[in-house]
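First up is the structure itself, then whatever we jot down about it.
Each reported figure results from applying straightforward, stated rules to the coordinates on display, with no laboratory input. All values reported here derive from a predicted model rather than from experimental measurement. Cβ coordinates were reconstructed from backbone atoms using ideal geometry, including for glycine residues, and neighbour counts include every protein chain displayed.
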């Protein structure tokens, strides 16, 4: 079989020096052979990719024995240690030869992989793979070794290299390919990469395809590839963060960025972060060489999804986490390869030997629980006992519920169990199955599994019974007679206009008596509002800027209206520094608030139609659970102020639009978005649409008032910031806390907090939604008018509004509609200046089609009102075909339709002849066109032209229109006179090379004045204009020469 590289000279370099076989002559691939005979001195057997038959035959290679190839990744080599100081290829070789008598080739391609720039290496991996395939064919020709005995193993970039090696041998296939955390960047969908078609069996291990925290918070696919690439894809710990990498474990705790980002106390932070990034990636070749101690086995289970696996729904069809592929030679062990992908899951521990014991816990119930009930189960075994919490999620119509329990220690034989309630519920458990999973042998799994029954001697339970096992699930919780915890100490603090100066004189428990309620200043004829805080907060606990938000909101409400305000303090429960254990307790807190409301109704006759529940963060879900506990009756309204995200994802119990007659949510930290695809999503807030109306303030993301992030983004970090951790904490929580600051603001002047319904944020930002306004107001009286409720049946109603970064946060919103007489190209950029009676405004617009009639729109937002718009002026940023005939300015920041109409304007554009096209371009960007020819190459600075040269200025140069002309244009932060990281001036070098090869004209285009912006993304749209200016220059060149 002969291997050639199609269009090699064109795809890599026309000047690449190659051998007669077409491969690069200077890449210096080395194939280092290890066997049990020469393992102490393998350096005596180093072969090139194109060895002769004789050079192969004199080695210790034995074609009758299994042969494995090991291939490293980027920046690695056979003789280079990884971040942990390990020579992984040597370690794996030692492990293989200790387990089997075979041949091991370590392929060193470090001369190519050593390029510090990653992406230039990516296309070269295909060639490296073909060179390995070429070597394998040489091996076959010299020794007769069978492809059925060859196993290719690659890590990271090397995983794709062995895939390309396999592809080069097609239609014949090697026995197996093992991809150890195949690289992600550069190998996305549609790109050449490792595939299950590259070998008879392809097995991939994923260890860093996504570092997942909780809920929607994730950094995905940082080094590894998240795609299913093989017949089997083993996702160790979900394919994400590996527990051994304990820096991330530290970051995941509640001290999070506080300790990890304290530069002063951790000067080696950069090294730690580097280890964090690489560590999980490295673990892909650490796990296979571990021989688990005792009786633990690395066992993975096939499951459709990671959540299904974590819910204990997949305990059949085990597969080994083993390095050797002999296991797969048995057809019974291969499952069904035609039904790929086979997603395989396994959990590991953070300490050597990493193996964990896996148990499927199945519970059969005699009385169906509510989905979402939480119980704590303790199982007693002969070797240890375990305690864990589980949320009951329905597994089957028969009423089975499941859980996956993983431990560093085995349980032994399970003898008994007991339960403790975390929340109230109706479940009665009749049977618990404990299925042992960590053994390949079915008999072993069965021997170590147990079935426990509750008082059901008629059932066959193998002799195991649990006395008094099944009771109401609050059995062991210390509770009051009503079933609620007696020591959570919820306080209901009543404030009215009568006791406003001293509300602490009126503090009620959740189970207040009629008499204790009646002696208060509570008036059932007035509106009643409940305020509920979130995690680590409380009535007497200040926030990050020292404010007591519940007191501030109470003051605001009582200033605006005569009402009852009840602040619910559940800080004794919410104070737990570990967040996730509080999540299930929030349901019980909600039920206790619902219980109090029923006590209030019984004592005073207050109507649910006069009750409004307001909760912040986790408190938003608490009030949702309170509403749920009152069903089928409903309170009038629930306001969710930036409902918490972590722990309240899709499918989890949480606030819902069904919990009240009207549910309104305000989102302020559901995603902190920087640019493009770079984002941290759902960090504190919940990005889901939870209410009848979901107000997304500034897109529901970063709030401008939180200017620390703004400072970071503009490289203006104040010198007086000493404690980075404090500022990071401020950054994280500030946007979250703005959810309860906005409602108590009374905008000055004529500005009103107005939000507009729109399908998506981009459409809102493009000015496509200027009808059906809603107020960003705290009071819900506005919604009592049916005309103001829009159409609640068509939820979600996504509402958008922009705010400023300074008090009083209100901004004036204008929809700019442009009517065109000549249709522009979509993407044209223009600058518009509007002149108003109060101020002027200048902004740029990228034209995006709004309607078939050719209207184009834009949303303009300002801290100051324009007043009446009297005139307008436009300036082209890019060339195009559009002609604007009219501009309509629609004022949006008022609820009153008449006010909106009075402050709106329509301007007709008086068409004038176009100025010279050159005047459409920025005058201060200073593009320079530096001409080189063989006549002036020693002093090109004498020939520097602007983008709009005159004919005469062109004709006096050495430019020759009869010769070929090349233009060179640099990139971001570069320039003609700016050297790169290696100290080279690439444009000069390229010019010298071109003129040495041909007699022509070379223009170096220097646009460094624009490209020098240290912020990358603002430069991106300007590249279009720079390109158009170059095109304009070319037209001038054509006209003159």
Can you tell me the length gained on complete extension of the stretch residue 488 to residue 86, counting 0.36 nm per residue apart and subtracting the Cα distance? 139.6 nm
Shape of the range 84-152 from its Cα gyration tensor (a ≥ b ≥ c, root eigenvalues): rounded if a/c is under 1.5, otherwise prolate when a/b > b/c, or oblate? oblate
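Once you sort the root eigenvalues of the Cα gyration tensor of the range 921-1040 as a ≥ b ≥ c, which label holds: rounded (a/c under 1.5), prolate (a/b larger than b/c) or oblate (the other case)?
The shape class here is oblate.
Residue separation times 0.36 nm, minus the C-alpha to C-alpha distance between residue 295 and residue 420: what's the value?
Numbers: separation 125, 0.36 × 125 = 45.00 nm, distance 3.14 nm.
Length difference between fully extended and current span is 41.9 nm.
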Counting other beta carbons within 10 Å of each residue's own, what order do 583, 161, 86, 203 fall into, fewest first? 86, 583, 203, 161
Simple spin-label model, 7 Å along Cα-to-Cβ: residue 25 to residue 65 in nm? 3.6 nm
Calculated FRET value between residue 498 and residue 631, using beta carbons and R₀ = 41 Å, to 0.05: 0.80
Would you mind getting me the FRET efficiency between residue 170 and residue 871? Use the beta-carbon distance for r and R0 = 60 Å, nearest 0.05. 0.30
Full-extension gain between residue 965 and residue 387, please, as 0.36 nm times their residue separation minus the C-alpha to C-alpha distance. 200.4 nm
Two pseudo-spin positions, 7 Å from Cα along C-beta at residue 1012 and at residue 536, lie apart in nanometres by 4.4 nm
Taking other Cβ within 10 Å of each residue's Cβ, how do 667, 500, 151 sort, fewest first? 500, 151, 667
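Between residue 98 and residue 351, what FRET efficiency follows from the Cβ-Cβ distance if R0 is 22 Å, with the result rounded to 0.05? Kindly include the intermediate steps, with their values, before the conclusion.
Details: r = 23 Å, r/R0 = 1.02.
For residue 98 and residue 351, the calculated efficiency is 0.45.
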With a cut-off of 17 Å, note down the residues of the range 978-1012 whose backbone N falls inside the zone around a label point 7 Å from the Cα of residue 934 toward its beta carbon. 991-1003
List the residues of the range 121-137 whose backbone N lies under 13 Å from a point placed 7 Å from the Cα of residue 982 along the Cα-to-Cβ direction. 121
